[in-house]
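Rule-based calculations on the coordinates, nothing more; no lab input. Every value quoted in this text rests on a predicted model; they were computed, and no experiment measured them. Quick reminder, even Gly has a Cβ in these numbers, built from the backbone with ideal geometry, and neighbours come from all protein chains shown.
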Amino acid sequence: MCGTCGCGDEAAVHVEGDGEHVHVQADGTVVRHRHDPIADDQHEHLLPDGRVVRHSHPGGREPHLAHGVFTGHEHPAEHHHGLSDSEVRRIAVEQDVMARNDRAADLNRTRFAVEGCFVLNLMSGPGAGKTTLLVRTLDALKGRGKKLAVIEGDQQTSLDADRIRATGVPAVQVNTGKGCHLDAEMVMRALAKLPPPTGGQLYIENVGNLVCPAGFDLGEAKRAVVVSVTEGEDKPLKYPDMFAKADVVLVNKVDLVQALGFDLATLKANVRRVNPKAEVLDVSARTGEGFDRWIAWLDAAATQLASPAAAARVEATAG
Amino acid sequence: MHEVALAQSIVEIVREQARRDHVRSVKAVHLRIGALANVEPEALSFGFDAAAKGTLVEGAALAIERTPGAAFCGACGKDVAVESRLDLCPSCGSAQLLITGGEELRVTELEVT
């Protein structure tokens, strides 16, 4: 039942301000309506600021508090919004909780575009082999004269950044402390220490976690999710938010498929179930299997970014 | 538990609004959370109480309105309601669903004195 007006559908959204509201029915049909003002026994309040609001209650015209701001919803006759203080007023806010992160991500994205730097956000659960995969990827790329940089996210230690620096690629470690993900501001701060290489590539290794990093745009061009065959075929179904936003899914440790009796086809079907568009690549960061295709995917993604059409798009957004 | 970070952002948004409107104390914070927003309301409430401590938001109630997920089906061309990212199209059974709604996380309204 609609909590707003009792007119029979759980999935109801109300449009603030005019009593009109929307129901999404089980078959997806969207119904927008108002209730009959006479049958609903509507009545008016004169607000302190002179505005008149008209609304209704199941309890009819019995005395009740006027509302500071009329929001278009109904109340039982006895209602104080859980408050007895008549000074309570309502302030409309309508702010996206992610807005601050998204603004920072946009600033990062603009900076990357200006520098012509391709940025990949690399995510996985702990132990899927992100760092090993990244080290091998950097080894393959640096031999071709690419300018590279890495931001490493972990709750504690600089062990991963140390592993990256051992390859000769500059890296900065971000320790999130109790934080379970990188956000765009952390990346912005990291960029103050390690600027994005002009015309090069920046790899951001997120905190090992299949849940939290999914919701935070860092300003990256592409998102890669690593899942290893030691984890189980059902990971995409258990963590759909993470897989739904991936541009590429790397199935790592494929050299162990035989030994583990892992069902690659089921894993891939599960990826497609939550994300029909993502590229799925089999790799082994240990043996190098599948790296030709992975590096080719990166080349294509970086080239796409550097195309004049992409540059124009970024300019329009930054505008 | 990215809900802790989200709760901190919510408290920040509320405090900023409260400063602008010369608010003495915040009694309730209204949120709208989509069914596909990747947010656990219980964890968010817990994080909110912790983040609000020592501010004028401390003790405020959290009123959460859930909104349904919505998707466009690439196979049958219908706009449909979905409850999770794993849903198949309720109309034709296809998995070719493009999520079009229900990912929002918004502060909608405050009750203040």
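Miscellaneous remarks
- 0 to 90° range, to nearest 10: angle between helix B:41-52 axis and chain B longest Cα axis: 20 degrees
- Within the shell of other residues whose beta carbon sits under 10 angstrom from the beta carbon of A:Phe291, the net charge comes to -1, with Lys and Arg scored +1 and Asp and Glu -1.
- Cα-based shape type of region A:99-318, given that a ≥ b ≥ c are square roots of the gyration tensor eigenvalues and the cut on a/c is 1.5: rounded
- Shielding of B:25-34 by partner chains, average beta-carbon count, 10 Å: 3
- Packing-based ranking, highest mean first, of A:175-185, A:218-228, A:258-268, A:199-209 given that Cβ atoms within 10 Å are counted: A:218-228, A:199-209, A:175-185, A:258-268
- Here's how it looks for B:Ile64: its modeled amide H is under 5 Å from those of B:Leu31, which are all 5 or more places away or on a different chain.
- Calculated Rg and Dmax of region A:179-228 using C-alpha coordinates, Å: 11.5, 33
- Whichever lysines have a C-alpha closer than 24 Å to that of A:Lys142, once near sequence neighbours (fewer than 8 apart) are set aside: A:Lys130, A:Lys193, A:Lys222, A:Lys253
- Among A:133-140, A:292-299, the order from most to least packed when residues are scored by Cβ within 10 Å on average: A:133-140, A:292-299
- Counts of other chain beta carbons within 10 angstrom of each beta carbon in peptide B:80-87 average 5.
- Spatially proximal lysines relative to B:Lys78 (Cα-Cα < 23 Å; intrachain offsets below 8 disregarded): A:Lys245, A:Lys277
- ³J(HN,Hα), Karplus 6.51/-1.76/1.60, whole Hz, each residue of region A:249-262, x for Gly, Pro: 10, 9, 8, 8, 6, 5, 5, 9, 3, 4, 4, 8, x, 6
- Here the spin labels are modelled as points 7 Å beyond Cα on the Cα-Cβ line, and at A:Arg293 and B:Glu65 they lie 4.7 nm apart.
- Point-to-point label distance, B:Phe46-B:Glu12, nm (Cα→Cβ direction, 7 Å offset): 2.2 nm
- Estimated distance in nm for a label pair at A:Val257 and A:Gln155, the labels positioned 7 Å out from Cα along Cα-to-Cβ: 3.4 nm
- Cut-off 13 Å between beta-carbons: net charge of the residues surrounding A:Pro195, Lys and Arg +1, Asp and Glu -1: +3
- Mean partner shielding of peptide A:95-105, defined as the number of other chain Cβ atoms within 10 Å of each residue Cβ, is 5.
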